[in-house]
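Heads up: the structure comes next, in structure tokens.
The values are calculated or read from the model by the stated rules, or taken from the named source; none is laboratory data. If you're wondering where the values come from, they're calculated on a predicted model, not measured in any experiment. Positions of Cβ are backbone-derived with ideal geometry, glycine not excepted, and every protein chain shown enters the neighbour counts. These accessible areas exclude ligands, DNA and RNA; they are computed on the full protein's heavy atoms, side chains included. Shrake-Rupley method; radii C 1.70, N 1.55, O 1.52, S 1.80 Å.
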Amino acid sequence: VTGGAAEFTLELPGGRSTEIAVGPGLLAGAAPWPVAATVADRAVWELHGARLPQTWRRVVLPLAPGEGAKEWSVLGELLERLCAAGLERGDCLAAFGGGAALDVGGLAAALYLRGVAWIACPTTLLAMVDAAVGGKTAVNLPGAKNQVGAFHAPTRVLADTELLATLPEAELRSGLGEVLKTALIAGEELLARLERDAAALLRREAAALGPVILACLRTKAAVVAEDEREGGRRAILNLGHTFGHAIEAVAGPGTIPHGVAVAAGLGCALELAERTELLEERPLRARVARTAALLQLPASLDELRRTSGCLLPAPALRRALDRDKKRAGSRPRLVLPRRAGEIEFGLAVDEADLLAVLA
Ligand SMILES: NC(=O)c1ccc[n+]([C@@H]2O[C@H](COP(=O)([O-])OP(=O)(O)OC[C@H]3O[C@@H](n4cnc5c(N)ncnc54)[C@H](O)[C@@H]3O)[C@@H](O)[C@H]2O)c1
Ligand SMILES: [Zn+2]
């Protein structure tokens, strides 16, 4: 890979691995890796399809833009189209789009002929820092997000930062929420970089985006390498998500962008860590709140209530916490920070502390 790109390898059990590259314009240099069919978010294809190597564009399977693609019926059609196109066991698929297109394309690759190789080409900030790496693929069932899926890691991730120029503002903000979460997991260096480069990131400057995306990918890859199937430690990637999912559920699907809900969820997790005296780095809560503000993200539930116009009543949030998939038994299990770079998971907390944070 050329043109100011950075790359590294995520080693997985069983001799599998994912080659990960980040940089401006790197899709243009992807021709050396043969691709028999490209599954693409239709809207992204119209904007950026011409950036893919000519050979990747011979068989293109367009998907409905965004979350609408993550349907059982869409997956079924996709598999039929792969069969009709004559794809064989040794062929490689590419998935081109945000997390939604990657989730469906990756799942199709997992299922077709019991598994063919695939290359993830993420086109949103969220997909570059999160969805593209880690091997989770999924579609939704009615009312049940990501209910059907498989672990099937891509052989390669190509994060071409030039694609972010056309990303809608709300999607950029959503990705930055996930970046802030990752910085809390990664620790001091990335957190300081975010503080320093927040304005440049909002302006989508390549020089700021590239290193941040790379650091996020390295952080997630390190966690996934240790615990690919989420038997334990991979749960720390859900920092801010127990609260974030509850916020999204109460606000109603699609009302508050995922990463924005996660940012408010981080505020909740920090407040809870402070209340329960788990938080050892006392200034961290205020520091993350300042960084969130620099990234134009909400730092707390109250701020999100004010800015979104959603009421988000505490009792409804509390009920939604109980419905979250990632609970164990009857009580919510939480992921909370001890300090930047040191995250605990599987924690049960006092009901009174939980309610105080939601109030
Ligand atoms: N597998 C995982 O580990 C994982 C991790 C995080 C999220 N996800 C999944 O990812 C999905 C969310 O993905 P997302 O936030 O990337 O958004 P998305 O795929 O839903 O896309 C959002 C919108 O942005 C548009 N878009 C995408 N790239 C664009 C570009 N470069 N320019 C202009 N428009 C563009 C799309 O057409 C769509 O309308 C969810 O379904 C979530 O469950 C999966
Ligand atoms: Zn998330």
* **Enumeration of residues in region 25-69 that are open to solvent by 40 Å² or more (accessible area, probe 1.4 Å), within 14 Å of ligand 1 (Cβ to nearest atom) and either in contact with a strand residue (DSSP E or B) (Cβ under 7 Å, 6 or more places away or on another chain) or of a type outside the set (A, V, I, L, M, F, W, C) (or both)** => 42, 45, 46, 51, 62, 65, 67
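Residue by residue, here is whether (1) closer than 25 Å to residue 233 by Cβ; (2) in a loop (DSSP other than H, G, I, E, B); (3) not aromatic (Phe, Trp, Tyr) holds:
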position	(1), (2), (3)
119	no, no, yes
126	yes, no, yes
134	yes, yes, yes
138	yes, no, yes
146	yes, no, yes
* To do: Would you please name the residue that is nearest to ligand 2 (Cβ to nearest atom), looking only at residues in region 152-185 that are touching a Ser or Thr at 6+ places or on another chain (Cβ under 7 Å) and open to solvent by 50 Å² or more (accessible area, probe 1.4 Å)?
  => 171
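Condition check ((1) part of a helix (DSSP H, G or I); (2) within 13 Å of ligand 1 (Cβ to nearest atom); (3) modelled with pLDDT of 95 or more) across all residues:
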site: 77; (1), (2), (3): yes, no, yes
site: 100; (1), (2), (3): yes, yes, yes
site: 111; (1), (2), (3): yes, no, yes
site: 130; (1), (2), (3): yes, yes, yes
site: 159; (1), (2), (3): no, yes, yes
* To do: Being within 13 Å of ligand 2 (Cβ to nearest atom) and β-branched (Val, Ile, Thr) is the filter; apply it to region 79-136 and report the residue that is surrounded by the most Cβ atoms within 10 Å (Cβ to Cβ).
  => 124
* Structure fact -> Those residues of region 230-245 which are more than 13 Å from ligand 1 (Cβ to nearest atom), open to solvent by 50 Å² or more (accessible area, probe 1.4 Å) and not small (Gly, Ala, Ser) amount to 233
* Structure fact -> Flagged in region 285-325 as out of contact with any helix residue (DSSP H, G or I) (no Cβ under 8 Å at 6 or more places or on another chain) and open to solvent by less than 20 Å² (accessible area, probe 1.4 Å), in numbering order, are none
* Give the residues of region 190-220 that are within 21 Å of residue 9 (Cα to Cα) and open to solvent by 50 Å² or more (accessible area, probe 1.4 Å), sorted by residue number. => 218
